Amino acid sequence: MGLDILLGLQWGDEGKGKVVDVLTPKYDIIARFQGGPNAGHTLEFDGIKHILHIIPSGIFHADKVNVIGNGVVIDPIIFRKEVNGLLEMNIDPKRNLFISKKAHLILPTHKLMDMALEHQKGERKIGSTLKGIGPTYTDKIARVGLRVLDLFTPNFVQKYKKLTDNHRDFLDKLSFKYEDTLHQMEKEFVESIELLTQFRVIDNEYEFFQSLKEGKSILAEGAQGTLLDVEFGSYPFVTSSSTVTAGAYTGLGINPSHQGRVIGIVKAYCTRVGSGPFPTELFDQDGERMRKQGFEFGSTTGRPRRCGWLDLVALKYAVMINGVTEIVLTKADVLTGFKTVKICTEYKINGEITDRFPADSEAPIQPQYRSFEGWSEDITKIREYEKLPEQLKQMVHFIEQETGVRISIVSVGPDRDETLIR
């Protein structure tokens, strides 16, 4: 047994939460390794929709251990709301949720800084979720951030004041008004950290080492997607953490010798929230139809997602970066009813054809498409892969051929049981 890694291969929102929930019974431990409340993992079962932002998607399985790793940034206010939502469903996360001592805390002033910085960028906004993620990771890299373990030290208040005084100076220089808002946010923050300290905090690297030594299996759950990775995504329109396979090792404290499967999640089309390049984006009726049929609105921000055809150039790049061993194709049902379905196979950039994903986010890309015949059958009730429409199976085969990776699961709906395991 070892570490299997599940992550997104596009710009996020690929359906990772549902897949983690489906796969959880096969694992002993589910662990989040990066990101924070800027991610929203949606799970649906028994006709009820659940959205998680910080807590791992395996929390609905009482017999499984869930861990928030050191690479995650935690907003205590959002964490408390998430815990209260679970308690209302008679799920007590205190019984099987562990938190890394080394995970960094998102402070109220981090969120205010996020707002101020995004406002300052004007037309060059990156589309931040305004959850304080970037400023928190900035403090982490600058070695001035506060971690979960700081909550248990006698001088936490002094540490908090020292850091937030620096944040206030920054906000004052930007002439950003914040006093009234900050007062209420800090009141909630104090109430929320009280709850956070009631959970079991751990040295996750030691715990994982011991678990692997005992032969236990771990599923690392990523947030966002490969194309939002701070190193390899469409910079600067990226998130502040490492969303790729390598980030799982640093975000959990597990060495690479334990690597098992790398499960990449990809939609049958593409979506993106916020600013940044999107070569296959559609501005016509097809794009609007995808948005409506796929309910493409951000689970964290509520913003309508940009929609477009599947991009194989970007997908093959993501497969290469992550060392993907199998692909899960989600939301195939959203394409039902399209007369023609397209897949981008190459880019034309400055008159030249290429199959490489460009480092320059401003490159003038013209996507080159291959068209497939669509299908009209309702596939949400199908429970065997072989019974899917031939047109969809042809698409699956084409993606496998192009990427060199097998598609092991096809999702035909949001519910747990609308998942076809091949």
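Values computed for the structure shown
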| read-out | value |
| --- | --- |
| Leading residue by the ranking (surrounded by the most Cβ atoms within 10 Å (Cβ to Cβ)) among those in the stretch 257-291 that are of a type in the set (D, E, K, R) and within 15 Å of the chain's Cα centre (by Cα) | 267 |
| Failed criterion for residue 191 (all others in (1) on the phi < 0 side of the Ramachandran plot; (2) part of a loop (DSSP other than H, G, I, E, B) hold) | (2) |
| Residue tally, condition farther than 22 Å from residue 131 by Cα and crowded, with 18+ Cβ neighbours inside 10 Å, over the stretch 292-311 | 6 |
| Cross-chain or 6+ apart pairs with Cβ under 8 Å, the stretch 148-161 first and closer than 18 Å to residue 191 by Cβ and free of Cβ contacts under 8 Å to residues at least 60 places away in the same chain, then among the aliphatic types (A, V, I, L, M) and assigned to a helix (DSSP H, G or I) | 151/193; 151/196 |
| Residue count, the stretch 292-321 (criterion: modelled with pLDDT of 95 or more and within 23 Å of residue 53 (Cα to Cα)) | 2 |
| Test result for residue 250, touching a strand residue (DSSP E or B) at 6+ places or on another chain (Cβ under 7 Å) and either basic (Lys, Arg) or modelled with pLDDT of 95 or more (or both) | no |
| In the stretch 40-78, residue modelled with the highest pLDDT [restricted to those that are out of contact with any helix residue (DSSP H, G or I) (no Cβ under 6 Å at 6 or more places or on another chain), crowded, with 24+ Cβ neighbours inside 10 Å and under 23 Å from residue 418 (Cα atoms)] | 56 |
| Qualifying residue in the stretch 16-38 (condition: at pLDDT below 90, surrounded by fewer than 24 Cβ atoms within 10 Å (Cβ to Cβ) and either in a loop (DSSP other than H, G, I, E, B) or more than 17 Å from the chain's Cα centre (by Cα) (or both)) | no |
| Tabulated pairs, the stretch 28-44, first of a type in the set (Lys, Arg), second modelled with pLDDT of 70 or more and surrounded by 24 or more Cβ atoms within 10 Å (Cβ to Cβ), C-beta under 6 angstrom, 6+ apart or interchain | 32/56; 32/68; 32/69; 32/72; 32/221 |
| Which listed residue is at pLDDT 95 or above, out of contact with any Lys or Arg (no Cβ under 7 Å at 6 or more places or on another chain) and farther than 20 Å from residue 243 by Cβ, from 289, 261 | 289 |
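Conditions (1) at pLDDT 90 or above; (2) surrounded by 15 or more Cβ atoms within 10 Å (Cβ to Cβ), marked per residue:
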| site | (1), (2) |
| --- | --- |
| 94 | yes, no |
| 112 | yes, yes |
| 126 | no, yes |
| 139 | yes, yes |
| 145 | yes, yes |
| 148 | yes, yes |
| 152 | yes, no |
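The values are calculated or read from the model by the stated rules, or taken from the named source; none is laboratory data. Predicted model, so just to flag it, every value in this text is computed and none were measured. All Cβ positions, even for glycine, are placed from backbone atoms using ideal geometry, and neighbour counts span all protein chains on display.
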